[in-house]
Amino acid sequence: PDTTEVNDYYLWSIFNFVYLNFCCLGFIALAYSLKVRDKKLLNDLNGAVEDAKTARLFNITSSALATFCIILIFIFLRYPLTDY
């Protein structure tokens, strides 16, 4: 693959870091996204692809866990535990 074809997931990592930083997973995803950019500059395509996969995994995990927690909060606000 060409260096322009390797996605670094930088914007998604910034969003997760600023808004959905669940257990610092957004920060870890941001660190891997920056590593992808560095490796693309050094033309290390194999390392860039591997770090891009890791950044994507951390972004997916951070987004999913934060969304799940937000949904749980809304459920508990709508139906408090005192009603059971």
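The values are calculated or read from the model by the stated rules, or taken from the named source; none is laboratory data. Since this is a predicted model, take the numbers as computed values, not measurements. Note that we place each Cβ from the backbone using ideal geometry, even for glycine, and neighbour counts take in every protein chain shown. Surface accessibility is based on the protein's heavy atoms, side chains included, excluding ligands, DNA and RNA. Shrake-Rupley method; radii C 1.70, N 1.55, O 1.52, S 1.80 Å.
Can you confirm whether region 68-79 contains a residue that is free of Cβ contacts under 8 Å to residues at least 40 places away in the same chain and crowded, with 17+ Cβ neighbours inside 10 Å? Within region 68-79 (the criterion being free of Cβ contacts under 8 Å to residues at least 40 places away in the same chain and crowded, with 17+ Cβ neighbours inside 10 Å), the answer is no, since none of the residues qualifies. Could you tell me whether any residue of region 2-10 is in a loop (DSSP other than H, G, I, E, B), β-branched (V, I, T) and farther than 15 Å from T61 by Cα? Yes, the conditions are met somewhere in region 2-10. So is K35 of a type outside the set (F, W, Y), open to solvent by less than 70 Å² (accessible area, probe 1.4 Å) and within 13 Å of N7 (Cα to Cα) or not? For K35, the condition - of a type outside the set (F, W, Y), open to solvent by less than 70 Å² (accessible area, probe 1.4 Å) and within 13 Å of N7 (Cα to Cα) - is not met. Within region 38-68, being in contact with a helix residue (DSSP H, G or I) (Cβ under 7 Å, 6 or more places away or on another chain) and within 19 Å of F22 (Cα to Cα) holds for T54, A55, F58, N59, T61, S62, S63, L65, A66. Scanning region 39-66 for residues that are open to solvent by less than 90 Å² (accessible area, probe 1.4 Å) and of a type in the set (D, E) turns up D44, D51. Under the condition of being open to solvent by less than 40 Å² (accessible area, probe 1.4 Å) and in contact with a Lys or Arg (Cβ under 6 Å, 6 or more places away or on another chain), the residues counted in region 7-32 number 1.
For region 20-59, what are the residues that are touching a residue at least 12 places away in the same chain (Cβ under 8 Å), of a type outside the set (A, V, I, L, M) and closer than 27 Å to I71 by Cβ? The answer is N21, F22, C23, G26, Y32, S33, T54, R56, F58, N59.
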